[in-house]
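> Here you go, one structure.
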Amino acid sequence: MVIRTVSIRERLLGFLLPAAALVAIGAGSLSLALFTDSATVDGTFTAGTISLDPSDVASLSLSSGALLPGDVLTDDVTITNDGTAELRYSVSTASTNADGLALRDVLTLTVREIDTTTPGTPCNDFDGALVVAQTAFGASSVGIGSPAAGAQAGDRTLAAASSETLCFRMSLPSATGNAYQGATTTTTFTFNAEQTANNP
């Protein structure tokens, strides 16, 4: 029979290990007893809008079924920014030539700002600041500014919830020859708008 003696070192380890475990458990228990606090805040984000009023643009009327050399048609159009942010806009045209008579090449367009003399009747005197000098329509040669992104020469700016009136004058010059009798063209006016913020 072998009798094993326990050394002092083994006795100390036998005592210290359980004691260390109790200390660790006690420390863990104490670490859960902390005062804490937190706070939250919400951010609400709404995108702005860039919007031209379509009914105002649709009011532009330069149609005629019986133009004669020397005739002039004038109409006002109000461009309204229905959006929540400033915009810049441009106007471009595209004219057809389905009958091959090229009426679009002789018809001209001039655009001015609202009358200076009688703004109450917007285009009666047609004496506002010149926006587009008299120019033949052509296939797509008449325009205000450019639909290309960013600020372009001729672009017009409107603050949010504001509007302006422009005067459009179409004419068939007196010198228009006999070859254009019965000729027809349709011109589409396209109003394009974009934000000005962060868009130099």
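> If you go through region 98-123 one residue at a time, how many are part of a loop (DSSP other than H, G, I, E, B) and surrounded by fewer than 18 Cβ atoms within 10 Å (Cβ to Cβ)? Give the derivation first.
First, pick out the residues of region 98-123 that are part of a loop (DSSP other than H, G, I, E, B): 98-102, 106-107, 114-123.
With surrounded by fewer than 18 Cβ atoms within 10 Å (Cβ to Cβ) added as a condition, the list becomes 98-102, 116-121.
Summing the residues that are part of a loop (DSSP other than H, G, I, E, B) and surrounded by fewer than 18 Cβ atoms within 10 Å (Cβ to Cβ) in region 98-123 gives 11.
> Mind listing just one residue for me: the one in region 143-171 that is surrounded by fewer than 15 Cβ atoms within 10 Å (Cβ to Cβ) and within 16 Å of Thr93 (Cα to Cα) and, of those, farthest from the chain's Cα centre (by Cα)?
Among residues in region 143-171 that are surrounded by fewer than 15 Cβ atoms within 10 Å (Cβ to Cβ) and within 16 Å of Thr93 (Cα to Cα), the one farthest from the chain's Cα centre (by Cα) is Gly154.
> Working carefully through the options Ser95, Ser140, Ser174, find the one that is over 27 Å from Thr49 (Cα atoms), polar (S, T, N, Q), surrounded by 15 or more Cβ atoms within 10 Å (Cβ to Cβ) and out of contact with any His (no Cβ under 7 Å at 6 or more places or on another chain). Write out each step before concluding.
Numbers: Ser140 fails: surrounded by 15 or more Cβ atoms within 10 Å (Cβ to Cβ); Ser174 fails: surrounded by 15 or more Cβ atoms within 10 Å (Cβ to Cβ).
Being over 27 Å from Thr49 (Cα atoms), polar (S, T, N, Q), surrounded by 15 or more Cβ atoms within 10 Å (Cβ to Cβ) and out of contact with any His (no Cβ under 7 Å at 6 or more places or on another chain) holds for just one of Ser95, Ser140, Ser174, which is Ser95.
> Sticking with this structure for a sec: Consider Gly65 carefully, then state whether it is of a type in the set (Gly, Ala, Ser) and either at pLDDT 95 or above or under 31 Å from the mean Cα position of the chain (by Cα) (or both).
Details: of a type in the set (Gly, Ala, Ser): yes; either at pLDDT 95 or above or under 31 Å from the mean Cα position of the chain (by Cα) (or both): no.
Here the answer is no, as Gly65 does not meet what is asked.
> Take the conditions touching a Leu at 6+ places or on another chain (Cβ under 8 Å), under 22 Å from Ala66 (Cα atoms) and not hydroxyl-bearing (Ser, Thr, Tyr) and apply them to Gln134. Does it pass?
On the way: touching a Leu at 6+ places or on another chain (Cβ under 8 Å): yes; under 22 Å from Ala66 (Cα atoms): yes; not hydroxyl-bearing (Ser, Thr, Tyr): yes.
So Gln134 fits the description; yes.
> Note down all Cβ pairs under 8 Å where the first residue falls in region 57-83 and is under 26 Å from Ala179 (Cβ atoms) and touching a residue at least 40 places away in the same chain (Cβ under 8 Å), the second is β-branched (Val, Ile, Thr) and in a loop (DSSP other than H, G, I, E, B), and they're at least six residues apart or on different chains.
So the pair list comes out as Pro69/Thr176.
> Can I ask one more? Scan region 142-200 for residues that are touching a residue at least 12 places away in the same chain (Cβ under 8 Å), part of a loop (DSSP other than H, G, I, E, B) and not polar (S, T, N, Q) and report the count. Break it down stepwise before answering.
As a first pass, look at region 142-200 and keep what is touching a residue at least 12 places away in the same chain (Cβ under 8 Å): 142-147, 149-152, 154-176, 179-180, 182-197, 199-200.
Subsequent filtering for residues that are part of a loop (DSSP other than H, G, I, E, B) retains 142, 145-147, 149-152, 154-155, 159-162, 172-176, 182-186, 196-197, 199-200.
From what is left, the residues that are not polar (S, T, N, Q) are 142, 145, 147, 149-151, 154-155, 159-161, 172-173, 175, 182-183, 197, 200.
Of the residues in that region, 18 qualify.
The values are calculated or read from the model by the stated rules, or taken from the named source; none is laboratory data. Computed from a predicted model, the values in this text were never measured in an experiment. A quick note on method: Cβ atoms are made from the backbone with ideal geometry, for glycine too, and the neighbour counts reach across all protein chains shown.
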